[in-house]
1. From Cα pairs below 8 angstrom and at least 6 apart in sequence, can you work out the relative contact order of the chain, rounded to a whole percent?
2. Mind ordering 74-84, 16-26, 112-122, 96-106 by average Cβ neighbours within 10 Å, highest first?
3. Taking the dipole about the Cα centre of the stretch 44-200, with the C-beta of Lys and Arg at +1 and of Asp and Glu at -1, give me whichever of Trp152, Leu91, Ile50 is farthest to the positive side.
4. Under the 0.36 nm per residue contour assumption, what length would be gained going from the current alpha-carbon distance of Thr10 and Arg165 to full extension?
5. Exposure proxy check: Arg40, Arg141, Arg8 ranked by fewest other beta carbons within 10 Å?
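Coordinate-derived values only; no laboratory data. Note that the structure is a prediction, hence the values are computed from the model and not measured. Glycine gets a Cβ as well: all are built from the backbone with ideal geometry, and neighbour counts include every protein chain shown.
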Amino acid sequence: MSHATHDRLTEAAFFAWAEQQDIRHELVDGQPQAMVGATRRHDRIVANIIAALHGRLRGGRCVVNTADTAIRIPNGNIRYPDVSVDCGRFLDEDRAADAPVLVVEVLSRSTSAFDQSRKLEEYKSVPALLHVLIVDPNRPRVIAHRRGATGWEAEFAEETTGAVRLDALDLSLGLAEVYEGLEFRPVPRLVPTPQADGLG
């Protein structure tokens, strides 16, 4: 990029710079940071979630967004979750959600730890956000973070028969919808079974 590392970009300067780039970047501590590409499995999960949410929200004031819609973090960072739902104003030329209520991050191997630590805490600092979903792509498991009366709480939905309740949107998202069209590999066993040892 053309900016020196000591120059902190404003939001406007970052969006103007990002328009000229071939790959997506986030704004982190005043500097653009390239985002890694996604696997087909990751992309299928994202598409499933968007389809499910769009069908339920259609015609209402809240709209589902792809990873091209930014989320403004109060510390000045700009993040691009895999999916978001905005219940604020919709202006054609805006690049960021006006009043994001939900964000979804589908984990990837290279960013899993970061997404569940610093990025999660950044999302929790956004005043309008009420739900943050962390989706495991390799097993049917969603961690649903919800802002309650006394702060943030986490619930786990596991197995494809489970569901996540999104009270702020008055809907439930089933794990069968999230993982539609995907198969799961068996979890490797660390301890041999008796049959494998010839003892069965």
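1. 14 percent
2. 96-106, 74-84, 112-122, 16-26
3. In the stretch 44-200, that residue is Trp152.
4. Full-extension gain reported as 52.2 nm.
5. On the way: Arg40 8, Arg141 18, Arg8 13.
Going from least to most buried by this count: Arg40, Arg8, Arg141.
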